[in-house]
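Sending over a structure as structure tokens; questions will come in a sec.
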Amino acid sequence: MSAFGLQAIRDMFSAMMDICSQLILRWKRFAGEEIDFLHNLCDEIVQERRKYPNDVNDLLNQMINGKESETCQQLSDENIRCQLLTFLVAGHETTSGLLSFTMYYL
């Protein structure tokens, strides 16, 4: 059996989930206030945009006003919050990686 075959990867899933669960609990324990702050900030941004809508064609408006193609349901505020945090972290990681490699090669 291949080390990276389909069955081998399936067999790793429970071990990976255990590690992920432990990391999440650790992050929550050490960064609970910061995580709560970011959640509250994102919730306030979404609530303010819902209260004062505008015609700007940005990602937040697309998530608030868009509908899922099959069920025609809108995203929940919790889902929008999670998406905002994902874009924040992904953007930070991408930018920091780009700047690190740029400085290394300069």
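Coordinate-derived values only; no laboratory data. Model, not experiment: these values are computed from the prediction. Here Cβ is always computed from backbone atoms with ideal geometry, including for glycine, and neighbour counts include all displayed protein chains.
If you bin the C-alpha pair distances of the range 42-81 every 10 Å from 0, what whole percents do you get?
P(r) over the range 42-81, rounded to whole percents: 29, 58, 13.
Over the range 33-105, what is the relative contact order in percent, taking alpha-carbon pairs closer than 8 angstrom and at least six residues apart?
So the answer I get is 29 percent.
State the volume of the convex hull built on the alpha-carbon positions of the range 1-70, expressed per residue in Å³ and rounded to an integer.
163
Let me ask something additional. Under 10 Å, Cα contacts only: if you run a Gaussian network model on the chain, which one of Arg29, Arg49, Arg81 comes out with the highest mean-square fluctuation?
For the chain, modelled as a Gaussian network with Cα springs under 10 Å, the answer is Arg29.
Taking 0.36 nm per residue of separation and subtracting the Cα-Cα distance, what length does fully extending Gln74 through Asp11 add?
Gain on extension, Gln74 to Asp11, equals 19.1 nm.
Whole-Hz ³J(HN,Hα) for each residue in the range 9-16, computed from phi via Karplus 6.51 cos²θ - 1.76 cosθ + 1.60 with θ = phi - 60°, x for glycine and proline: what do you get?
These are the phi-based 3J(HN,Hα) values: 5, 4, 5, 7, 4, 5, 5, 5 Hz.
Further question on the same structure: Sort Asp58, Asp43 so that the residue with the fewest other Cβ atoms within 10 Å of its own Cβ comes first and the one with the most comes last.
With the fewest neighbours first, Asp58, Asp43 line up as Asp58, Asp43.
Another question, then. Using the Cα gyration tensor of the range 33-105, with a ≥ b ≥ c the square roots of its eigenvalues, what is the shape: rounded (a/c below 1.5), prolate (a/b larger than b/c) or oblate (neither)?
Here the range 33-105 falls in the prolate category.
A further question on this structure: So what are the ³J(HN,Hα) numbers for the range 49-56, from phi and the Karplus equation (6.51, -1.76, 1.60; θ = phi - 60°), rounded to whole Hz, Gly and Pro as x?
Once rounded to whole Hz, the list reads 5, 5, 6, 10, x, 9, 9, 5.
A further question follows. Would you mind ranking Val56, Val46 by Cβ crowding within 10 Å, fewest neighbours first?
Sorted ascending by nearby Cβ count, the order is Val56, Val46.
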